[in-house]
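Accompanying notes for the structure given below.
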Ligand code: 13P
């Protein structure tokens, strides 16, 4: 007869301690994550916004700009997610990017999924591939300096979506990914993203997110994942992009924190939200409102509520850069300001500015990463 095992019993105490310390360090003192893990194709779309060709050197130059920012940025960022290519790139003077990040006090992480693929038997839903050689890749990434990873699953809201199959399959693949990472000393960021696409309202997004997170944590338990050595990267609960019924930041804060109180175990050290198509300013305002509401809850909230933004940390930076060397310093200042704004929002201390490129919508239908 099979014996039940408790969460994380297959890891040694030393392995658990290392995973837990990494997860906690990433979200310590209001810090969040810079998600700079755009695939080659996605980075091409970003570069085309400033009329640059999608060459490996242009991708490298933009990432060099990010990673040579003022060292103050290490106060606001605990981690940075890289794409495979970027992990092995170097600055003009030959310094590996991993060293630049470590020197800033930012922990290097890596995107390990291999993208979203159709899930047969559903109406346009998906799962995420990349399991086959994952253990081997994690061991190599650890040796090359990465201490955490990201795997993105995508769920859609529609009349018949998400289906029970999509919820179950994505929860299970996230759990196997998480277990595989932990066996190799890597903290898994578990990312079940419920997309903003659609005309649904806030209540519907909340209902779907609750079901998705409940299924995800059931699967993580089934796979004996050590929760203290994980982070969650969810969507905020938001009305759909095409919804006419607008919600206030306070309502978004309440819906999002209520969802976690119902579904997210206290053992998980931190939540690092994706921005998902919100403008830079909205992503900061809503993160702040989430923390304001969490602070009001009668019993202390157990998790850090922070950020892991891609678009909402880099958009006005790339616009300020425009591919020109003379703009590098100005673009780095923009990045520093956005990182600082979100660090403040993670501590419920952000004051909105209401101006500039930070207002631009960053929504992309059916967004790929
Ligand atoms: P956005 O913040 O642009 O949604 O991306 C974060 C991310 O890493 C999605 O996987």
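The values are calculated or read from the model by the stated rules, or taken from the named source; none is laboratory data. All values reported here derive from a predicted model rather than from experimental measurement. Here Cβ is always computed from backbone atoms with ideal geometry, including for glycine, and neighbour counts include all displayed protein chains.
Step by step: first the residues of segment 117-132, then only those that are within 19 Å of the chain's Cα centre (by Cα) and part of a loop (DSSP other than H, G, I, E, B), then the one that is nearest to residue 195 (Cα to Cα). Which residue is that?
Of everything passing the filter in segment 117-132, 129 is nearest to residue 195 (Cα to Cα).
Between 277, 240, which is touching a residue at least 12 places away in the same chain (Cβ under 8 Å), surrounded by fewer than 21 Cβ atoms within 10 Å (Cβ to Cβ), closer than 22 Å to residue 199 by Cα and within 16 Å of the ligand (Cβ to nearest atom)? Give the derivation first.
Values: 277 fails: surrounded by fewer than 21 Cβ atoms within 10 Å (Cβ to Cβ).
Being touching a residue at least 12 places away in the same chain (Cβ under 8 Å), surrounded by fewer than 21 Cβ atoms within 10 Å (Cβ to Cβ), closer than 22 Å to residue 199 by Cα and within 16 Å of the ligand (Cβ to nearest atom) holds for just one of 277, 240, which is 240.
Against the condition in contact (Cβ under 8 Å) with a residue 12 or more places away in the chain, over 28 Å from residue 366 (Cα atoms) and in a strand (DSSP E or B), how does residue 109 come out, does it pass?
Numbers: in contact (Cβ under 8 Å) with a residue 12 or more places away in the chain: yes; over 28 Å from residue 366 (Cα atoms): no; in a strand (DSSP E or B): yes.
Taking the combined requirement at face value, the residue does not satisfy it.
Report the residue count in segment 190-224 for those that are within 16 Å of the ligand (Cβ to nearest atom) and touching a strand residue (DSSP E or B) at 6+ places or on another chain (Cβ under 8 Å).
Total meeting the criteria: 10.
Can you name the number of the only condition in (1) within 16 Å of the ligand (Cβ to nearest atom); (2) more than 17 Å from the chain's Cα centre (by Cα); (3) surrounded by 19 or more Cβ atoms within 10 Å (Cβ to Cβ); (4) at pLDDT 95 or above that residue 358 fails?
Residue 358 satisfies all of (1) within 16 Å of the ligand (Cβ to nearest atom); (2) more than 17 Å from the chain's Cα centre (by Cα); (3) surrounded by 19 or more Cβ atoms within 10 Å (Cβ to Cβ); (4) at pLDDT 95 or above except (4).
What about residue 257, is it in contact (Cβ under 8 Å) with a residue 12 or more places away in the chain, under 30 Å from residue 8 (Cβ atoms) and not in a helix (DSSP H, G or I)?
Against the criterion (in contact (Cβ under 8 Å) with a residue 12 or more places away in the chain, under 30 Å from residue 8 (Cβ atoms) and not in a helix (DSSP H, G or I)), residue 257 does not qualify.
With 285, 252 as the choices, which residue is under 27 Å from residue 218 (Cα atoms), modelled with pLDDT of 95 or more and assigned to a helix (DSSP H, G or I)?
When all the criteria are applied, what remains is 252.
Each row is one residue, and each column tells you yes or no for (1) more than 16 Å from the ligand (Cβ to nearest atom); (2) crowded, with 17+ Cβ neighbours inside 10 Å; (3) modelled with pLDDT of 95 or more.
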residue	(1), (2), (3)
22	yes, yes, yes
27	no, yes, yes
30	yes, yes, yes
51	yes, no, yes
76	no, yes, yes
83	no, yes, yes
86	no, yes, yes
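Within segment 283-312, can you find the residues that are closer than 28 Å to residue 171 by Cβ and within 16 Å of the ligand (Cβ to nearest atom)?
Scanning segment 283-312 gives 283, 286, 287, 290, 305, 306, 307, 308, 309, 310, 311, 312.
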